[in-house]
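Student: Here you go, one structure.
The values are calculated or read from the model by the stated rules, or taken from the named source; none is laboratory data. Bear in mind the structure is a predicted one, so any value in this text is a computation, not a measurement. Positions of Cβ are backbone-derived with ideal geometry, glycine not excepted, and every protein chain shown enters the neighbour counts.
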Amino acid sequence: MNERTPLRLGTRRSLLAMSQSRLVADALSQRTGHAVELVGVTTEGDVSRALLAQIGGTGVFVSALRDRLLSGEVDFAVHSLKDLPTAPAEGIVLAATPPREDPRDVLCGPAKLADLPRGARVGTGSPRRVAQLRALRPDLEVVPIRGNADTRLRKVTSGELDAVVLAYAGLRRIGREDEIAEVFEPDQMLPAPGQGALAVECRADREDLRELLASVDDPATRAAVTAERTVLAVLEAGCSAPVGAYAAEVDHKLHLTASVVAHDGSRQIRLSASGSLERPEELGRELAARLLDQGADQVMGERDIEPR
Ligand SMILES: NCc1[nH]cc(CCC(=O)O)c1CC(=O)O
């Protein structure tokens, strides 16, 4: 490929998406000498929040960008890996997983979780965070919220909510980390599979491009997120399921922790295992099987059981 023809990077238009895309664009230019041009794409999830709730959220932000890849309108795309469905997309490859940002969740507001008054209103849209918050502080009123980080943070400033839970990575990337009251350790709140990581996708038949994009891949991040996402895939749970998973290298091994939490926080199964850095899928499958053995299906399904 000619270095003077800019590579077209498809991205959502949100501040977070643009910041992440620029990060990848800069790293790629630096390593390969290729210019990169950002192409903003409006996705269904951006157009209609109502529609987003209706279709359940899984992959709506991703599919519009994939359509542009397949049609050739853009050369590659950058997504939050957390938002990527676990099922592979026909004709598209995960060309790179750049070095991961901090994977932890944070509380934004005037006080730490333990110092919030009884019955305080805490906002989050994710069933995983809802369940874990209820396990930590059953007295809180957990309020479902949607929207970008800015909208969510504003609900605290305006007094509508006492605090909100967000991903550390997202706040860092948009430069709002000064609003953090507390960073949750993974033993308090296990992050979502892939949280803090980015996904760089391109068409499978673009061999030349895949080679360029490999220059921004971080193998340690790829191993970790592969193990985490395998757990999610085996449990057949989408991005909206109360499943946490976090993997990292410890003593030359991949250490993985995964959990499922009942919607009301009343029950939780959490397990850990270590395995080879070269076989993250095996580790993920093994841990998911153990979770299912211990009743993960029942724990996750508890909110769907109708009282009779
Ligand atoms: N589901 C929304 C989403 N997808 C990716 C991020 C940013 C953090 C990340 O890269 O994991 C966020 C916001 C959030 O969860 O606070």
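Student: Check Glu185 against each of (1) closer than 24 Å to Asp67 by Cα; (2) out of contact with any helix residue (DSSP H, G or I) (no Cβ under 6 Å at 6 or more places or on another chain); (3) at pLDDT 95 or above and name the one condition it does not meet.
Tutor: (1)
Student: Out of all the residues in the stretch 28-72, which are modelled with pLDDT of 75 or more, surrounded by fewer than 17 Cβ atoms within 10 Å (Cβ to Cβ) and touching a helix residue (DSSP H, G or I) at 6+ places or on another chain (Cβ under 7 Å)?
Tutor: Arg31, Ala35
Student: I've got another one for you. Quick one: would you say Glu207 is more than 16 Å from the ligand (Cβ to nearest atom) and without any contact (Cβ under 8 Å) to a residue 12 or more places away in the chain?
Tutor: Yes; evaluated as a whole, the condition is true for this residue.
Student: Just to check your reading of the model, which residue among Ile145, Ile174, Ile180 is touching a strand residue (DSSP E or B) at 6+ places or on another chain (Cβ under 9 Å), within 15 Å of the ligand (Cβ to nearest atom) and under 27 Å from Asp218 (Cβ atoms)?
Tutor: Ile180
Student: Let me ask something else about it. Which of the residues belonging to the stretch 261-292 are part of a strand (DSSP E or B) and either among the polar types (S, T, N, Q) or within 17 Å of Arg229 (Cβ to Cβ) (or both)?
Tutor: Gln268, Leu271, Ser272, Ala273, Ser274, Gly275
Student: Sticking with this one: Only one of these is modelled with pLDDT under 95 and more than 12 Å from the ligand (Cβ to nearest atom): Pro85, Pro127, Pro99, Pro117. Name it.
Tutor: Selected residue: Pro85, the only one of Pro85, Pro127, Pro99, Pro117 that is modelled with pLDDT under 95 and more than 12 Å from the ligand (Cβ to nearest atom).
Student: Okay, moving on. Within the bounds of the stretch 156-165, is there any residue that is in the same structural domain as Leu136 (by TED's automatic domain parsing), within 13 Å of the ligand (Cβ to nearest atom), modelled with pLDDT of 95 or more and within 29 Å of Ala111 (Cα to Cα)?
Tutor: yes
Student: Using beta carbons and a limit of 6 Å, which pairs, at least six apart or on different chains, have the first residue in the stretch 188-200 and within 8 Å of the ligand (Cβ to nearest atom) and the second one in a loop (DSSP other than H, G, I, E, B) and of a type in the set (Val, Ile, Thr)?
Tutor: Within 6 Å, the pairs are Ala197/Thr97.
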